[in-house]
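What follows is one structure encoded as structure tokens, with my remarks underneath.
The numbers here are math on the coordinates, done by the rules we state, and not lab data. Remember, predicted model here, so these are calculated numbers, not experimental data. Every residue, glycine as well, gets a Cβ built from its backbone with ideal geometry; the counts of neighbours run over all protein chains shown.
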Amino acid sequence: MRLFLVLLILALPTSAFSASVKFANAVLYQPDAVLRERLGDVKPLAEYFKKVKSISEPSFHSDLPESLDIVIVVKPGGKARVWFSSTLQNAPDRTELKKAIEAIPTPLVKQGPLAFALSYDLNGIERKKQGDGQFQLPLPEEWKIKAKDINGPLIIPDGLIPLIWPDE
């Protein structure tokens with residue numbers, strides 16, 4: 001999975017907007033083998049990341065230090081759903097940004113959903129890494145609430161996606 005992740009991060013340009021916007025990391029929730037099975041070629045996902053970044057970065061206007069994760073699930077059939085995870089107690093309303101990201105054409109996925117996050121450090125904040133040097137897996141508040149209802153082991157994200165975004 002490291003090679004897959006490195007290829008994606010290298011394909012993402014650094015922010016050209018402001019010194020206050022720092023792209024921190026791309027987090028892929030499934031292992032490399034699952035990603036390859038469901039996605040195939042990595043290029044469409046890298047292009048999708050670029051589009052999400054180009055829409056998102058200009059919208060970061062607050063002066064408050066914030067770690068922000070844009071968590072996205074893409075399902076077969078070209079559907080995407082977006083959640084935000086912020087360190088701010090009263091995060092700005094990002095409804096319009098959510099709609100704009102969800103309107104971006106998604107990469108083609110098959111045999112199950114893909115989940116990933118684009119992580120940002122805004123206005124001088126720097127997120128802490130875990131002891132092993134890895135970033136902590138972003139979990140939006142809605143995901144945490146749904147996870148509490150599960151008895152037994154939980155596989156993230158595949159075991160949680162049906163609860164947070166049931167098929168219609």
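Would you mind checking the pairs K79/K148; K22/K128; K22/K75; K75/K128; K50/K128 and listing those with alpha carbons more than 21 angstrom apart?
Flagged as over cut-off: K79/K148; K22/K75; K75/K128; K50/K128.
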* What's the extension gain from E168 to L108 if we count 0.36 nm per residue and subtract their Cα-Cα distance? -> 19.7 nm
* To do: Using R₀ = 30 Å, calculate the FRET efficiency as 1/(1 + (r/R₀)^6) where r is the Cβ-Cβ separation of K43 and E142; round to 0.05.
  => 0.45
* What FRET efficiency, computed as 1/(1 + (r/R0)^6) with R0 = 35 Å and r the Cβ-Cβ distance, is obtained for I55 and N90, rounded to the nearest 0.05? -> 0.95
* Asked: Mind listing the phi-derived Karplus ³J(HN,Hα) values for region 63-71, rounded to whole Hz, using 6.51, -1.76 and 1.60 with θ = phi - 60°, and x for any glycine or proline?
  -> 8, 7, x, 8, 9, 10, 10, 9, 9
* To do: Please work out the FRET efficiency for the pair L64 and V34, using the Cβ-Cβ distance as r and a Förster radius of 41 Å; give the result to the nearest 0.05.
  => 0.70
